[in-house]
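Dumping the structure here so I can ask a few things about it.
The values are calculated or read from the model by the stated rules, or taken from the named source; none is laboratory data. A quick note: this is a predicted structure, and the numbers were derived from the prediction, not measured. Neighbour counts are summed over all protein chains in view; Cβ atoms, including those assigned to glycine, are modelled from backbone coordinates with ideal geometry.
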Amino acid sequence: MSKNTISILDGGMSRELEKLGAPFRQPEWSALALIETPNLVRDAHQAFIDAGSQVITTNSYAVVPFHIGDQRFRQEGKQLAALSGKMAKEAVANTGNTAKIAGSLPPLFGSYRADLFEAELVTDIATPLIEGLAPYVDVWLNETQSLIAEPKAMHSLLKALGHDDKPLWVSFTLEDETVTDIPRLRSGESVEEAVIAMANGGVAAILFNCCQPEVIGEAIRIARETLHRLGQSDIQLGAYANAFAPQSKDAAANEELDEIRDDLTPPSYVNWTQQWVDEGATLLGGCCGIDVEHIAKLRQHFSA
C-alpha cells in the first residue's frame, strides 16, 4: 500500500494537556481543561498539528454526565461541546494548516462499560454533543465503542437530527486479555459482527482504539476480509492504540492515571502501525499515552 494513502491522526489529549499545565482531576478528566483553560486545549491541538497530525479530534470525550455530572451537562453540555469544536478550529487556523477536525462522540455511559449502555438515554445525552460540535467538524468520530448497539444508535440519531451529511467513523475498543486469538469487543461481540453491522449502517471508516497494539493487527485483518466479502472494501480501516498495560475485563477507563508501558517508544509504535498498514489500515494515530513525539515519528515514517 502506498504511503501516500495514509492519514495521520492525533494522539492522546489528556497527557498532552497535563504536560501543558492544564488542570486535571477526576471525575472531569480532560473536560476540566475545556472548562477552566480552553486556550490550553487549543495549544494541545496545535502541538499535534505541528507534529504532523492531518486529523485532530475535538476534546469532547469527557463532555458527558459520566464525567461532568448530570446538572452541569444539562446546563453546559452543548456549550462545552461547541467550545471543544471552536478550540480545534482555532488551532487549525493558527497553524495555517489544512488539518481536518473529527468530532469526538464518546461512549456516553463510561469507557469500556458495555454493561452500562442505556438505549433510551442516547438521544438526551448525544443530541447536545452533536448540535454543539456540528458547525466545526469535518467528520464524526464515534470512538472507544465497547458494543455494537451504541454506534448503531448514534448513526440513527445523526440521521434524525439532519447531521448525517458528514462521514461517520466508528472506532471500537477491544478486549486486551483474550482467551483465544480471536479479537473481540469489550462486550464480547466479535469483530466480524461489528464490521458487518457498521458496513450495513453506511459508515465511512472502521477503526480500533484504546486497547493494546498487540490485539489490533488481527482485528484489522478480520475487518478487511469481512469488508471484501461484503463488497465494501471502500470503507477505510484504522487504529490508534493506547500505551497502557493490559486492562482486565472489569477495568473502567479514566478511573485513574494508568502507568504507561516503557516499551512503546515512538520507534516501536511505528513498527506496530506498519503492521496495521500491511493489513489494510489507512488511518493511524494514538490514544492514551501516545504523545506528540509518537505522532511526529509516524508522520516522518509514512511521509518518507
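Please enumerate the residues belonging to region 262-286 that are within 12 Å of Phe244 (Cα to Cα) and crowded, with 17+ Cβ neighbours inside 10 Å.
Leu264, Gly286
OK, next. Among the residues of region 98-125, which ones are more than 19 Å from Gln54 (Cα to Cα) and either over 16 Å from the mean Cα position of the chain (by Cα) or of a type in the set (Val, Ile, Thr) (or both)?
Ala114, Asp115, Leu116, Phe117, Glu118, Ala119, Glu120, Leu121, Val122, Thr123, Asp124, Ile125
Oh, and also: Does region 168-204 hold any residues that are more than 15 Å from Ala153 (Cα to Cα), buried (at least 23 other Cβ atoms within 10 Å of the Cβ) and not aliphatic (A, V, I, L, M), and which are they?
Across region 168-204, the qualifying residues are Thr173, Pro183, Arg186.
Moving on to the next point. Taking the condition surrounded by 20 or more Cβ atoms within 10 Å (Cβ to Cβ) and either modelled with pLDDT under 95 or of a type in the set (Lys, Arg) (or both), does Pro246 pass?
Answer is no for this residue.
May I pose another question? Considering (1) surrounded by fewer than 19 Cβ atoms within 10 Å (Cβ to Cβ); (2) closer than 23 Å to Gln145 by Cβ, say which one Arg25 fails and leave the rest.
(2)
If you check Ala102, Ala114, which single one turns out to be at pLDDT 95 or above, within 21 Å of Gln236 (Cβ to Cβ) and surrounded by 18 or more Cβ atoms within 10 Å (Cβ to Cβ)?
Every option except Ala102 fails the conditions.
Hey, Asn39 hits all of (1) over 30 Å from Ala304 (Cα atoms); (2) assigned to a helix (DSSP H, G or I); (3) touching a Ser or Thr at 6+ places or on another chain (Cβ under 6 Å); (4) not hydrophobic (A, V, I, L, M, F, W, C) but one; which does it fall short on?
All conditions are met except number (3).
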